[in-house]
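This report refers to the structure that appears directly beneath it.
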Amino acid sequence: MKIIRTDRMPPVRGHYSPVIEHNGTLYLSGQIPMDPLKGTIPETIEDQTRLVLNKVELLLNESGSSLNQVLQVRIYLSDMELWDQVNRVYAEFFTTHKPARCVVPAGKLHYGCLIEVEAVAFV
């Protein structure tokens, strides 16, 4: 098991690792749409979704993987009414690749975020 760290993201605030690699599989912790440098959260669900998927893509790239190597995605939403907007932005990132996916209605998320995303990928 290997913990993957990158200088392109600030240190985590909690007791977890952003990415763990084991036997060629990457496990990405849930990412929230907080700007890693400014500490701000965008207002709209579209902007929050773009930010969180950009963070996922950065972690994948820093780990030697890519969005095209994602096996599964879990999306936690504060409100299922946001699903259509999230799905549109999600499709911009994954285009023709369609990983297995689970959408979980989660209610209130940390810091008032509307979305959180975790992923499993291969190296």
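The values are calculated or read from the model by the stated rules, or taken from the named source; none is laboratory data. A quick note: this is a predicted structure, and the numbers were derived from the prediction, not measured. Neighbour counts are summed over all protein chains in view; Cβ atoms, including those assigned to glycine, are modelled from backbone coordinates with ideal geometry. Note: areas computed on protein heavy atoms with side chains; ligands, DNA, RNA excluded. Shrake-Rupley method; radii C 1.70, N 1.55, O 1.52, S 1.80 Å.
Would you mind counting up the charge near L58? Only other residues with Cβ under 13 Å from its Cβ, with Lys and Arg at +1 and Asp and Glu at -1. With Lys, Arg at +1 and Asp, Glu at -1, the neighbours total 0. Each peptide among 14-22, 96-104 gets the average number of other Cβ atoms lying within 10 Å of its residues, and from highest to lowest they stand as 14-22, 96-104. Dipole magnitude for the chain: about 340 debye, using +1 per Lys or Arg Cβ and -1 per Asp or Glu Cβ, origin at the Cα centre.
Here each label is just a point 7 Å from Cα along the line to Cβ, and for F122 and V104 those points are 2.5 nm apart. With a ≥ b ≥ c the root eigenvalues of the C-alpha gyration tensor of segment 53-108, is it rounded (a/c under 1.5), prolate (a/b larger than b/c) or oblate? It comes out prolate by the Cα gyration axes.
Over all pairs of distinct alpha carbons, what does the Kirkwood formula give as the hydrodynamic radius of the chain, in Å? The answer is 14.5 Å. Averaging the sequence gap over all C-alpha pairs within less than 8 Å and six or more residues apart, then dividing by the number of residues, gives the chain a relative contact order of 33 percent.
Averaged per residue, the chain has 58 square angstrom of accessible surface, using a 1.4 angstrom probe with ligands and nucleic acids left out.
Here segment 7-87 exposes an accessible surface that is 45 percent carbon and sulfur, computed with a 1.4 Å probe and the other protein chains kept in place.
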